[in-house]
Amino acid sequence: AQSVTQLGSHVSVSEGALVLLRCNYSSSVPPYLFWYVQYPNQGLQLLLKYTTGATLVKGINGFEAEFKKSETSFHLTKPSAHMSDAAEYFCAVSDGGYQKVTFGTGTKLQVIP
Amino acid sequence: DAGVIQSPRHEVTEMGQEVTLRCKPISGHNSLFWYRQTMMRGLELLIYFNNNVPIDDSGMPEDRFSAKMPNASFSTLKIQPSEPRDSAVYFCASSSRTGISYNEQFFGPGTRLTVL
């Protein structure tokens, strides 16, 4: 079975500050890991993904995440928050079977001017 | 590609009425997922299909909910009879295991259902 835990349902940062959204996963096989972003009244869209290879993954809008197997973590970071980053972020894990993806409960990011 | 298409985008109905939500996945994708999102329960997987066959419907709340995928380009989620607690945003997503997609799911814009 696979699962995802996102620490913090709400995170607030000042504009220009570091963004850090935490995600820990559980998987019985080498996982595929994803971060999705959801803007208000929209569907989820892929921010970045880890499959194999380099453990530091870069995504859109300046976000990146690092896969740490020893810590079973896949935290999302961005050096400098922008107002447009305000959204809800979902971490997700897949074990590859039938392409099913298990989503975390989401973290709402607020960016304070 | 037009992406995942869902219709209608908004649906307002009265308790007891039948509701049908529709989804057209991305051409070539072989898996399709129905999700429900509410403030209280977050994002829930209801059912998913692989090659038009239902694989896991354990997330379907009760017998009032049913889903079909008659062909690779169309799926429906039906609620009969609808209840106010079914009010939510329903998302359809599709994915393909071919190439390097690695199970990335592409989401539609969602259908916002309100049951009065």
FRET efficiency, B:Glu14 to B:Thr38 (Cβ-Cβ, R0 30 Å, nearest 0.05): 0.95
Summed side-chain charge close to B:Ser75 - residues other than B:Ser75 whose Cβ falls under 15 Å, Lys, Arg +1, Asp, Glu -1: +3
Mean-position separation - Cα centroids, region A:64-110 and region B:1-77, in angstrom: 24 Å
Within-14-Å neighbourhood charge of A:Ala17 [Cβ basis; K, R +1; D, E -1]: -1
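Dipole size in debye (nearest 20) for chain A around its Cα centre, Lys and Arg Cβ +1, Asp and Glu Cβ -1? Each step should come with its number before you reach the end.
Working: 8 positive and 7 negative charges, 34 e Å.
Taking the Cα centre of chain A as origin, the dipole is about 160 debye.
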For chain A, built as a Gaussian network whose Cα springs stay under 10 Å, the top-fluctuating residue of A:Ala87, A:Ala54, A:Ala65: A:Ala54
Antiparallel bridges, percent of DSSP beta bridges restricted to chain A (to nearest 5): 90 percent
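With Cβ to Cβ distances under 13 Å as the rule, what net charge do the other residues near A:Gly62 carry (K, R +1; D, E -1)? Don't skip to the end; give the middle numbers.
Numbers: positive: A:Lys58, A:Lys78; negative: A:Glu64, A:Asp85.
Residues near A:Gly62 contribute 0 overall.
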Flagged links, alpha-carbon separation over 28 Å, of A:Lys49/B:Lys78; A:Lys58/B:Lys68; A:Lys108/B:Lys68; A:Lys58/B:Lys24; A:Lys58/A:Lys108: A:Lys49/B:Lys78; A:Lys58/B:Lys68; A:Lys108/B:Lys68; A:Lys58/B:Lys24
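Each reported figure results from applying straightforward, stated rules to the coordinates on display, with no laboratory input. Fair warning: this is a prediction, and the values are worked out from it, not measured in the lab. Because the Cβ atoms are built from the backbone with ideal geometry, glycine has one as well, and the counts that use them run over all protein chains shown.
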